[in-house]
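Student: I have a structure here, written as structure tokens, and I will follow up with some questions on it.
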Amino acid sequence: MTTIAIVGAGLAGVTAAQTLRESGSDARIVLVSDDEHAPYDHPPLSKAVLAGDDPAEKALLHEASWYAEHDIELVLGAEATTLDTAAHTLTLDTGTEITWDQLLLAPGSTVRRLDVPGADLPHVHYLRTMAQSTALRDRLAEHGQVVIIGAGWIGLEVAAAARAHGCEVHVVDPLATPLERVVGPRIGQWFADVHAAHDVTFHLGEGVEEILEDGVRLSSGTVLPATTVVVGIGVLPRTDLAEAAGLEVDHGIVCDGALRTSAPDVWAAGDAASWDHPRFGRVRLEHWSNAKDSGAAAARSMLGEEVTYDPVPSFFSDQYDVGLEYAGHVPRGVEPEVVLRGDPATNEFLAFWLDGDRVLAGMHVNTWGALDEIEPLIGTTVDRDALPG
Ligand SMILES: Cc1cc2nc3c(=O)[nH]c(=O)nc-3n(C[C@H](O)[C@H](O)[C@H](O)COP(=O)(O)OP(=O)(O)OC[C@H]3O[C@@H](n4cnc5c(N)ncnc54)[C@H](O)[C@@H]3O)c2cc1C
């Protein structure tokens, strides 16, 4: 019998296993995760679960019985430590060795760590796993003073959850506006305004010098009082296993357009996979939709289907009463023009990022259904008067 091993039981790995079964594969499927928890989704961990609105179980991808029902061998709490692509074996830290015919690497990302004095103090939190989310939720429920380092998606969503708990919230970032690298200064300022309206205080253009037992010292010398510090300064793809096995790695596990890695019979998907996108060049995405879609695409590719993985990148976020979806990709170095439809002050508008007449990206805020109009425009040339909204 063919054995398919999958490293990582996040959204990409679980979707791949599900797609294999739904496509009629009768292979032995072994799904390995170093997390102790049954597989779960990440977005609720910084939103409803963190805010205390939903129990952590709501984030589970499937009921516990689903894996056995689909004849998927779920191995939890075991890290795959050695991959031998010549011998087709995967060794776990439990000592188990799995001999595979095909392998999918879906190891996701790990948080970037802050490297300043005091960064390992016990009141410093990171947010990636379910255990980290519930620990932080319990801490926020104590209504203290929270300093969030990093005004990216995680930092802003944690700020909203912390305000929902009634905490005093300060957000520190070296850039001039939140999310500046993703949405640029104009829309970044809108995010700052949304949070300021919920009494979040920003310290922008500031670095962090040191974390103290009761505060955070900024580069300006200001000390912000803090009972809880949350670090959200980005993630790094988990490429260690692939790299040690001699696979090609370049800020991600290098794949072709069908998600095949440089080693025969080995595929990659999710946050860790960097692939040849027919329209956008080499791409690696840390988005929910990519984890789901690439897991499914890799599974089809493993089954021998001709696959060209060609999605329009998209992601979503929820903060307070603001829900948004963004599609497209603004390459580094491009300074696009932002065209707005509607008034951002109403928290209901569309934004487009244009390079000349070409639409690089679009976003809607609280305009549900608009993503269906935005996505087909990405990469096309438009008459800007004809932009929807
Ligand atoms: C808190 C949070 C909120 C988010 N919110 C949003 C959002 O609102 N919108 C959006 O678009 N995206 C969001 N994302 C991003 C999105 O969830 C990720 O892109 C997606 O989860 C990636 O899925 P993945 O399967 O590639 O990796 P993961 O979900 O990280 O899964 C990989 C799994 O593999 C395990 N693993 C790694 N190496 C090994 C090994 N050697 N052996 C065994 N197991 C291993 C890891 O422990 C992990 O459990 C969020 C992410 C986080 C952390």
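Student: Let me know the charge dipole size of segment 321-386 about its Cα centre in debye, to the nearest 20, where only the beta-carbon of Lys, Arg (+1) and Asp, Glu (-1) is charged.
Tutor: It works out to roughly 200 debye.
Student: Okay, moving on. Between 0 and 90 degrees, rounded to the nearest ten: what's the tilt of helix 180-196 against the longest Cα principal axis of the chain?
Tutor: Here the helix axis deviates by roughly 50 degrees.
Student: Each label point is 7 Å from the Cα along the Cα-to-Cβ direction; what then is the distance between the points at SER65 and ALA386, in nm?
Tutor: 5.4 nm
Student: I need two numbers for segment 113-231: Rg to one decimal and Dmax as a whole number, Cα atoms only, in Å.
Tutor: Radius of gyration, then largest Cα-Cα span, for segment 113-231: 13.2, 36 Å.
Student: Now for a separate question. Please work out the Cα center distance from segment 321-348 to segment 168-212, rounded to the nearest Å.
Tutor: A separation of 17 Å, based on Cα centres.
Student: Follow-up. Roughly how many debye, to the nearest 20, is the charge dipole of segment 175-271 about its Cα centre, given +1 on each Lys and Arg Cβ, -1 on each Asp and Glu Cβ, and no other charges?
Tutor: With only Lys, Arg, Asp and Glu charged at Cβ, the dipole is about 280 debye.
Student: Expressed as an acute angle from 0 to 90° and rounded to the nearest 10, what is the orientation of the C-alpha long axis of helix 11-22 relative to the principal long axis of the chain?
Tutor: In the chain, helix 11-22 runs at an angle near 40 degrees to the longest axis.
Student: With each pseudo-label sitting 7 Å past Cα toward Cβ, what's the ASP26-ALA119 distance in nm, one decimal?
Tutor: If labels sit at ASP26 and ALA119, their model points lie 5.2 nm apart.
Student: As I understand it, the dipole of segment 122-217 uses +1 on the Cβ of Lys and Arg and -1 on the Cβ of Asp and Glu, about the Cα centre. Which of ALA196, VAL171, VAL182 lies farthest toward its positive end?
Tutor: VAL182
Student: Using every alpha carbon pair in segment 39-88, what percent of pairs falls into each 5 Å bin from 0 up to the bin containing the largest distance?
Tutor: 5, 16, 17, 15, 15, 16, 8, 4, 3, 1
Student: Another question, if that's okay. Could you run the Karplus curve 6.51 cos²θ - 1.76 cosθ + 1.60 with θ = phi - 60° over segment 64-70 and give me ³J(HN,Hα) per residue in whole Hz, x for Gly and Pro?
Tutor: 4, 6, 4, 5, 5, 4, 9
Student: Using a Förster distance of 45 Å, how high is the FRET efficiency between ALA244 and LYS58, based on the Cβ-Cβ distance and rounded to 0.05?
Tutor: For ALA244 and LYS58, the calculated efficiency is 0.80.
Student: A further question on this structure: By average Cβ neighbour count within 10 Å, what is the ranking of 357-369, 209-221 from highest down?
Tutor: Answer by packing, highest mean first, reads 357-369, 209-221.
Student: So if R0 is 25 Å, what FRET efficiency would GLU73 and THR110 give, r being the distance between their Cβ atoms, rounded to the nearest 0.05?
Tutor: My answer for the efficiency is 0.50.
Student: Continuing with the same structure: Please say if the chain is rounded, prolate or oblate, where rounded means a/c under 1.5 for a ≥ b ≥ c the square roots of the C-alpha gyration tensor eigenvalues, and otherwise the choice is prolate for a/b larger than b/c and oblate otherwise?
Tutor: oblate
Student: Here is a follow-up. Connecting C-alpha atoms closer than 10 Å in a GNM of the chain, tell me which of GLY13, GLY205, GLY333 has the biggest fluctuation.
Tutor: GLY333
Student: Something else now. Fewest first, what order do ASP84, ASP199 take by the number of other Cβ atoms within 10 Å?
Tutor: ASP199, ASP84
Student: Please work out the Cα center distance from segment 128-142 to segment 48-101, rounded to the nearest Å.
Tutor: Here the two parts' Cα centres lie 22 Å apart.
Student: What nm value, rounded to one decimal, do you get for the distance between HIS143 and ASP101 when each label is placed 7 Å out toward the C-beta?
Tutor: Roughly 6.1 nm, to one decimal.
Student: What is the magnitude of the charge dipole of the chain about its Cα centre, with +1 placed on the Cβ of each Lys and Arg, -1 on the Cβ of each Asp and Glu, and no other charges, expressed in debye to the nearest 20?
Tutor: Computed charge dipole of the chain: roughly 420 debye.
Student: What ranking of GLU243, GLU375, GLU157, GLU63 emerges when the number of other C-beta atoms within 10 Å of each C-beta is taken as an exposure proxy, fewest first?
Tutor: Taking fewest neighbouring Cβ atoms as first place, the list is GLU63, GLU243, GLU375, GLU157.
Student: Starting with the fewest neighbours, write out VAL194, VAL146, VAL169 ranked by other beta-carbon atoms found within 10 Å of each beta-carbon.
Tutor: So the residues, fewest neighbours to most, are VAL194, VAL169, VAL146.
Student: Which residue, chosen from HIS62, ALA263, LEU121, occupies the Cα position most advanced towards the positive end of the dipole of the chain, where the dipole is computed from +1 (Lys, Arg) and -1 (Asp, Glu) charges on Cβ about the Cα centre?
Tutor: LEU121
Student: Nearest 0.05, what FRET efficiency do THR94 and SER262 give at R0 = 35 Å with Cβ-Cβ as r?
Tutor: 0.80
A short reminder: the numbers here are calculations on the coordinates, not readings from a lab. Just so it is clear, the model here is predicted, and its values are computed rather than measured. Glycine gets a Cβ as well: all are built from the backbone with ideal geometry, and neighbour counts include every protein chain shown.
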